[in-house]
1. Go through (1) closer than 30 Å to Ile159 by Cβ; (2) β-branched (Val, Ile, Thr); (3) surrounded by 18 or more Cβ atoms within 10 Å (Cβ to Cβ) and name the single condition Thr272 misses.
2. Identify the residue in the range 174-221 that is among the acidic types (Asp, Glu) and modelled with pLDDT of 85 or more and, among all such residues, is nearest to Val23 (Cα to Cα).
3. When the range 200-231 is examined, which residues are found to be free of Cβ contacts under 8 Å to residues at least 60 places away in the same chain and within 17 Å of the chain's Cα centre (by Cα)?
4. Looking at the range 153-160, can you tell me whether even one residue there is in contact (Cβ under 8 Å) with a residue 40 or more places away in the chain, over 24 Å from Arg28 (Cα atoms) and in a loop (DSSP other than H, G, I, E, B)?
5. Output the qualifying pairs, or none if there are none: Cβ atoms under 7 angstrom, residues six or more apart or on different chains, first residue in the range 110-124 and surrounded by 10 or more Cβ atoms within 10 Å (Cβ to Cβ), second residue in a loop (DSSP other than H, G, I, E, B).
6. Being surrounded by fewer than 24 Cβ atoms within 10 Å (Cβ to Cβ), at pLDDT below 90, under 24 Å from Thr272 (Cα atoms) and of a type outside the set (D, E, K, R) is the requirement here; does Asn22 meet it?
7. Residues that are under 24 Å from Phe26 (Cα atoms) and acidic (Asp, Glu), at least 1 per element: which strands (runs of 3 or more DSSP E) completely within the range 247-312 meet that?
8. Could you identify the single residue in Ile59, Ile46 that is β-branched (Val, Ile, Thr) and not in a loop (DSSP other than H, G, I, E, B)?
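The values are calculated or read from the model by the stated rules, or taken from the named source; none is laboratory data. What you are looking at is a predicted structure, and each value in this text was computed from that prediction instead of being measured. Cβ: placed from backbone, ideal geometry, glycine included. Neighbour counts: every protein chain shown.
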Amino acid sequence: MSYNKFIFLFLIFTFQLISQGNVGSFSRIGNDARTVSMGNSGVSLIHFPNSGYHNPATIAFMQNTQANATYTFLSLDRNFQTINFAQKIEPRGAFSLGLIASGISNIDLRDGNGTQLGTMSTFEHQYILSFANRMTDNFSAGITVKMNYAKLYDKLTSIVPGFDFGFIYLINPNFSIGASIKEIGSKYKWDTSNLYGQDYGSSTINNFPQITRFGTSYFYEPYNLLLLGEAYEINKNIYYRFGSEFNFNDNFSFRTGIDKYSTATNNPASPTFGFTFNYPFQEYKFALSYAYVLESFGLFNAHWLTLNTTWK
């Protein structure tokens, strides 16, 4: 078997993995330990920079500048990291920047005789820019412009933009509802002409599934308890997410949640847990968050760590 044919078969296999509803799955597993540990139900969550990932409209209610970085511990040589920054724009706006980086490393390349040809890696990146504005004291709308950049092989890459839209309404300071439409126009466009020439190359388009999300959050002040619930539609299936956060004091909080719950499919839900330690230092507030996720079908566990910094 020739080297090019081996690569061809590898790419066919990879296309099958990312085809249909699985395309861009890295962009849907979460963005930070805090929201992941609450079942990823962040479409109505305010005062947090990564909430722009779930719903761009939520960042308009931020009070301070925030930045964070997330690292995950995953199985099967997978890697996943995020970074985010968010800041207010006076008088009623805000913007956020983010990067989601995912990939698989140390893929063993061999020819048809089993001879090792080296190793390779693949990656999927999503660059995120969000804007939001409060139309009234209680209502905001936002938009996210994202660039989906992926590489399967040295000469096989895809760069295509996508968009998110969202809104959020505060019924009162402790009760909010939000909705968003995600991955509008997001896709991968592959052209193998650079690998196999014009005579043998082909063009393939893999569309990201569009996601519609609606959720609510309520902070019950007497018990320092935050409750979240969300429904979302993807590939004509409805799923539910639930989460809670209990603040023991200003320095420690515990969270739990359920992600991907559905009565219409046989896919199991994912239970989530996590906690945060807060440490104020002068005008800064540091927060270290951890999340534990039992991945679908219970085969592997995922561990998330996020370091968040807040300042005026």
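1. That leaves (1) as the condition not met.
2. Once the filter is applied, the top-ranked residue is Glu183.
3. Gln210, Thr212, Ala231
4. Among the residues of the range 153-160, at least one is in contact (Cβ under 8 Å) with a residue 40 or more places away in the chain, over 24 Å from Arg28 (Cα atoms) and in a loop (DSSP other than H, G, I, E, B), which makes the answer yes.
5. Asp111/Met1; Gly112/Met1; Leu117/Asp111
6. Against the criterion (surrounded by fewer than 24 Cβ atoms within 10 Å (Cβ to Cβ), at pLDDT below 90, under 24 Å from Thr272 (Cα atoms) and of a type outside the set (D, E, K, R)), Asn22 qualifies.
7. The qualifying strands (runs of 3 or more DSSP E) are 252-261.
8. Answer to the selection: Ile59.
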